[in-house]
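Notes to accompany the following structure.
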Amino acid sequence: MELLFRDLRLALRTLRRQPVFSLTALLTLGVGIAANTVVFSLVYGALLRSPPFPDADRLMVLYRTARELGGEPTPLRWSFPRYKLLERSARSFERIATFSRSDLTLRAGGDPELVASEIVSAGYFATLGVTTALGRTFAAEEDSTPGTNPVAVIGHGLWRRRFGGDSSVVGRAILVNDEPHTIVGVLQPGFSGLTDRAELWIPEMMAPLVTYPERHTTPQNFISVVGRLREGVGSEQALAELQIVGAAIAAALPDEVDVPTTFAATAAPLARARIDPGNRRSLWFLFGAVGLLLILACANLAGLGLARAAGRRQEVAVRLALGASRRRLIRQLMIESGWLGLGGGLLGVVLALGALRIVRPPERVAGPLNMYGTLGEFAAPRPGPAMMVFLAMITVAAVFLSGLLPALHAGRTDLVRELKDRTASTAPRTRGAISARGRGDRHGTDAVGGGRPLFRESRAPGGHSAGIRSNPSPHLSDRAVGGALWTGQRTGVARPGD
């Protein structure tokens with residue numbers, strides 16, 4: 001353990017003596033890691049994170065399909081009359097509910113404000129499992145007779161912003177598109193509806209008063225439907241039922257079409273329906289592209305590391321001559337890469353957290369086409385355990401990608417050649433551990449081993465030279481090796497980086 005701490009301190013000192021290389025590596029790794037982390041958060045939020053609702057795997061988005069002769073099915077939403085037929089016919093679902101987006105004008109004792117809203121059926125919140133922080137959601141009787149129950153539920157953000165977080169807001173009268181309503185509940189923070197931006201909810205039965213009177217009679221398809229499967233009912237069973245139900249609804253309320261078209265109904269899990277398949281592919285492509293950029297950055301750093309290692313060949317040769325193993329040298333260089341990776345990872349965390357405050361998926365990416373179902377704020381990228389695990393994994397990968405090749409290259413240093421070159425270059429001025437005394441005396445002196453030669457020229461039969469072999473002192477410990485190496489100015493051994 002003491003040896004490991006010494007290596008850690010030694011690696012840190014080495015990097016401090018080379019600030020240009022160290023800062024370049026830190027910035028390159030930090031920016032690359034941050035970019036990958038932000039894009040991963042986008043992908044995870046939009047594609048992989050489970051919807052934060054109870055038994056979310058039982059939630060499905062229901063929609064109609066229209067297929068022209070020889071074409072692919074096109075998803076359609078529902079008209080209100082078709083939804084009522086679906087509600088009576090779909091037995092595979094415990095409950096189904098409608099939701100549609102609308103911008104409504106809110107007046108509540110101040111200036112009017114245009115608020116993103118959802119018009120929903122009474123079972124909407126119960127279907128999703130969303131609860132209130134204050135008051136209640138809509139009751140079943142408030143979804144039976146048009147225009148008779150002018151109630152509203154507001155979001156937590158609107159409650160804090162417009163009503164100052166007043167706990168007595170339940171029961172307060174407001175105007176929605178100049179129609180009187182009474183606030184009956186405030187939702188838990190974070191929920192902005194399946195249409196992404198809602199801060200105000202009113203029941204479907206009030207929609208003709210605040211939107212347009214023909215809403216419940218028009219054949220136009222503008223209402224989205226979400227459902228929760230019954231316990232024990234699989235998605236295959238529900239899809240088979242919807243095929244039959246969809247055809248029956250199309251026969252009962254036929255669409256006006258110019259070409260032969262087959263209408264049916266189907267459903268998709270909420271986790272999958274929240275994004276269009278084309279946008280799904282785009283996100284994965286973006287993730288792969290940013291990952292490739294990190295690999296290229298690591299390759300550039302590996303190239304810099306190889307150039308740096310080439311300049312440290314004689315330092316490595318001296319370490320080998322003093323008795324250090326190649327394995328320990330590789331470990332020492334990997335520790336230096338580890339310090340750079342740690343610094344780059346910390347910089348990446350800071351940059352990623354800052355970017356996540358401003359980065360949001362584009363509207364086309366955040367939700368599916370035509371708003372068939374989206375998770376809004378729940379799909380937004382945000383810090384979490386998954387992000388930190390991913391960041392740690394790519395940091396470790398970056399350390400190995402950028403540091404392993406230079407370390408292995410340095411570990412294969414040719415001791416004989418480098419020491420010959422060192423002896424030739426320093427012969428006129430050597431005063432310590434290594435000295436050259438002519439052709440007949442090629443002995444280096446052990447700086448800490450009592451005068452024992454560190455390397456000697458080996459003679460083949462006939463007196464011919466067979467090269468230089470290291471001859472470390474048996475008394476040299478790792479501590480002694482380190483002391484001899486890092487007190488190079490007193491012993492005559494070159495210090496790393498000199």
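Where a number appears in this text, it was derived from the coordinates with a stated rule and is not lab data. Note that the structure is predicted; figures quoted are calculated from it, not measured. Counting neighbours? That spans all protein chains shown, and the Cβs are built from the backbone with ideal geometry, glycine included.
Here is how the numbers come out for the structure above:
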{"quantity": "Residues Ala355 and Arg326, FRET efficiency given R0 of 51 Å [Cβ-Cβ distance, rounded to 0.05]", "calculated": "0.75"}
{"quantity": "Calculated FRET value between Thr182 and Leu27, using beta carbons and R₀ = 51 Å, to 0.05", "calculated": "0.35"}
{"quantity": "Cα gyration tensor, the range 26-160 - rounded (a/c under 1.5), prolate or oblate", "calculated": "oblate"}
{"quantity": "Two-site FRET efficiency, Val389 against Phe5, from Cβ-Cβ distance with R₀ of 22 Å, rounded to 0.05", "calculated": "0.20"}
{"quantity": "Interchain or long-range residues, amide H under 5 Å from Val120's placed H", "calculated": "Ile202, Glu204"}
{"quantity": "Inter-probe distance in nm under a simple model that places probes 7 Å from Cα toward Cβ, at Ala173 and Asp103", "calculated": "2.9"}
